[in-house]
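The values are calculated or read from the model by the stated rules, or taken from the named source; none is laboratory data. Note that the structure is a prediction, hence the values are computed from the model and not measured. Backbone-built Cβ (ideal geometry, glycine too); neighbour counts: all protein chains shown. These area figures cover heavy atoms from the full protein model, side chains too; ligands, DNA and RNA do not enter into them. Shrake-Rupley method; radii C 1.70, N 1.55, O 1.52, S 1.80 Å.
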Amino acid sequence: MVGEQTVEREPRGSQRLSFELTDRQRTVLRAVVEDYVRSATPVGSRVLVDRYGLGVSSATVRSAMAELEALGLLSHPHTSAGRVPSDLGYRVYVESLMREATMDRADQLMIRHQFSQVQLTSNEWLRLAASILAGSTRSASVVTPARARRARFGHVQLVELADGARLCVLVLTDGNVVQRRLDRGVLERLSPGSEMTQGELDLAANTLNAEMSGGSAPQIRRRARTLGPLAAHAAEIVAQLLEEEDGLVVEDVFTDGIVNVLEQPEFAEGAKLRGILEVLQRSDFLEQLVPVLTRRRGVHVIIGHENANDAMHEVSLIFAPYGAPDRALGLLGVLGPTRMSYPHAIPTVRCLAALMNELINSQYGETHD
């Protein structure tokens, strides 16, 4: 497996868990979680004895399940004799009972090959990440572009177009590209009686690239005071573009695999899932997650009622940040019912985040953990 084996394990807004379970309780809890994840059916004691070879009687398992229910780790649906894990039960499972799966080496190589076929900064790259996550985990996936907390100047080109307009193409330090046409009226005043040549545009662009590297919008404006007229005008366009980018924390959300969640019995009624999707598509929800998930590297698991938003109480989120903490960060992860395969989803999210870190590192310089 690629990357550090780190999972954010403390529920938000709660005390660190301190359960001292017996070996039998741990074995029964693990078996209940894994059987319920597989079957979506409340789990009875006889099923556990028959299916998992626990080596004890059904009555003994029933007693252990009652103890786990008293601790709040299992619940007992009114219409069934079996038990199901609570959010707290899933949390204990993720923290101390789960045995992570590993991604096959051939699958990892195939994923790397797929990424090698796509331009790094393109939307196709983000769509590919979402597609791989959804397909690998059979959950819904969410990916946001890596964005700088403050947009900074990478390099610029000033280009003469076929229609006579001049275009400013700005590449940010996080690899994103923005552009805007230069004001034709301003250019005519700067070069009265003659057309602005591509050579003049190149000279102004070279000046900006030499003077503005890594600059924010305020820094660009300060440095522009010493430039010639054309370079100063282009610098103002650059500063405006940077300011607009500063206002976009999570402006794009790439999702895939929604049908995977619809197929789960918990969401057979589409109305439940509609509310969840509406929350995901609101940029403020993901913007609120950014500071929580980027305090520490690694995979973060948020289960059921640990989600602050009421609409998300029936789902779990498994997310990881990717990118350079001091420069540009994005989020990727999966969403599914709390009854999801954590041992498979967590290492998959970790692997994709590590791969995307490698790709950004190779393209833009070293990332920092």
**OP:** Beta carbons within 10 angstrom, averaged per residue: use that to sort the peptides 136-142, 305-311, highest first.
**Re:** 136-142, 305-311
Subject >> Accessible surface ranking that places the most exposed of S45, S131 first, with a 1.4 angstrom probe >> reply: S131, S45
Original post:
What order do you get for 192-202, 58-68, 175-185, 82-92 when each peptide is scored by the mean count of other beta carbon atoms within 10 Å, highest first?
Top reply: 82-92, 58-68, 175-185, 192-202
Original post:
How long is the gain from N123 to S194 if the chain were fully straight, where each residue apart is worth 0.36 nm and the alpha carbon distance is subtracted?
Top reply: 21.6 nm
**OP:** Could you work out the local net charge near S191, counting Lys and Arg as +1, Asp and Glu as -1, over the other residues with Cβ closer than 15 Å to its Cβ?
**Re:** -3
Subject >> Neighbourhood charge, 13 Å Cβ-Cβ cut-off, centred on R127 and excluding it, Lys, Arg +1 and Asp, Glu -1 >> reply: -3
Original post:
By per-residue mean of other Cβ atoms within 10 Å, what is the highest-first order of 110-118, 226-234?
Top reply: 226-234, 110-118
Original post:
Suppose R0 equals 22 Å; then what is the FRET efficiency for R112 and V171 from their Cβ-Cβ distance, rounded to the nearest 0.05?
Top reply: 0.30
